[in-house]
1. Take Ile69 and tell me if it is surrounded by 13 or more Cβ atoms within 10 Å (Cβ to Cβ), at pLDDT 90 or above and touching a Lys or Arg at 6+ places or on another chain (Cβ under 9 Å).
2. Working only within the stretch 72-82, note down all residues that are surrounded by 14 or more Cβ atoms within 10 Å (Cβ to Cβ) and either in contact (Cβ under 8 Å) with a residue 24 or more places away in the chain or closer than 14 Å to Glu136 by Cβ (or both).
3. Restricted to the stretch 85-122, and to residues that are β-branched (Val, Ile, Thr) and more than 22 Å from Ile66 (Cα to Cα), which residue is surrounded by the fewest Cβ atoms within 10 Å (Cβ to Cβ)?
4. Within the stretch 1-26, take every residue that is outside any helix (DSSP H, G or I), within 23 Å of the chain's Cα centre (by Cα) and farther than 15 Å from Asn119 by Cβ and give me the one that is modelled with the lowest pLDDT.
5. Would you check which residues across the stretch 130-152 are surrounded by 15 or more Cβ atoms within 10 Å (Cβ to Cβ) and either touching a Leu at 6+ places or on another chain (Cβ under 6 Å) or over 19 Å from His71 (Cβ atoms) (or both) and list them?
6. Has the stretch 49-71 got at least one residue that is in a helix (DSSP H, G or I) and over 18 Å from the mean Cα position of the chain (by Cα)?
7. At pLDDT 95 or above and either among the basic types (Lys, Arg) or over 27 Å from Tyr24 (Cα atoms) (or both), is that true of Ile140?
8. Report yes if some residue within the stretch 37-46 is modelled with pLDDT of 90 or more and among the charged types (D, E, K, R); otherwise report no.
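The values are calculated or read from the model by the stated rules, or taken from the named source; none is laboratory data. Only a predicted model underlies this, so the values are computations on that prediction, with no experimental measurement involved. Here Cβ is always computed from backbone atoms with ideal geometry, including for glycine, and neighbour counts include all displayed protein chains.
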Amino acid sequence: MNKDKSKEALEKDKAVYDAYSAKYGFPRYDSVSTFLELSCLDDDGLLLMSIKKKLVEKLKQYIEIIDPIVHPDTSVTSMYEGRFFSDEEKNSIFKLYRQLMVLFRKSDLTYLDESDDVNAAFINDFFGSFGSLRKELESIIQKQKDSWEKEEITKIEDIGYLG
């Protein structure tokens, strides 16, 4: 919880969100408040733009997590983690990457028209897609984490080309 916000301010934020939710069909406040860190948003009267920005931050983070798998480079992380994914898995991850990029480019378009309707449409697109994407992301990130717990490669030279 944002220490700078009073209980009344948080209740006001929830009421504003609930009004948008009723108008645009957003998920319930309780189900997204932690994910979106709604209690930390600025009280500037631009709630939908602030929510969209939080979602875009999340998209960027997810894209950065899987980018080294679909577009490996010579970083240690990319070369090490890439060894733990089969070609079939990489093709599946690329499909997920494309879905994330579609959402990301939709967000780019919203910056050309910052109306509530456009921002709300993007927010609904995100939440409409994210349930299934989240499960795939969780599986990929779990495998990335697990790769570091394995001691198959113990010397940096064994990873591959390092320049």
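1. Yes, satisfied.
2. Met79, Tyr80, Glu81
3. Among them, the one singled out is Val118.
4. Met1
5. Phe130, Glu136
6. No, the stretch 49-71 contains no residue that is in a helix (DSSP H, G or I) and over 18 Å from the mean Cα position of the chain (by Cα).
7. So Ile140 fits the description; yes.
8. Taking every residue of the stretch 37-46 in turn, none turns out to be modelled with pLDDT of 90 or more and among the charged types (D, E, K, R).
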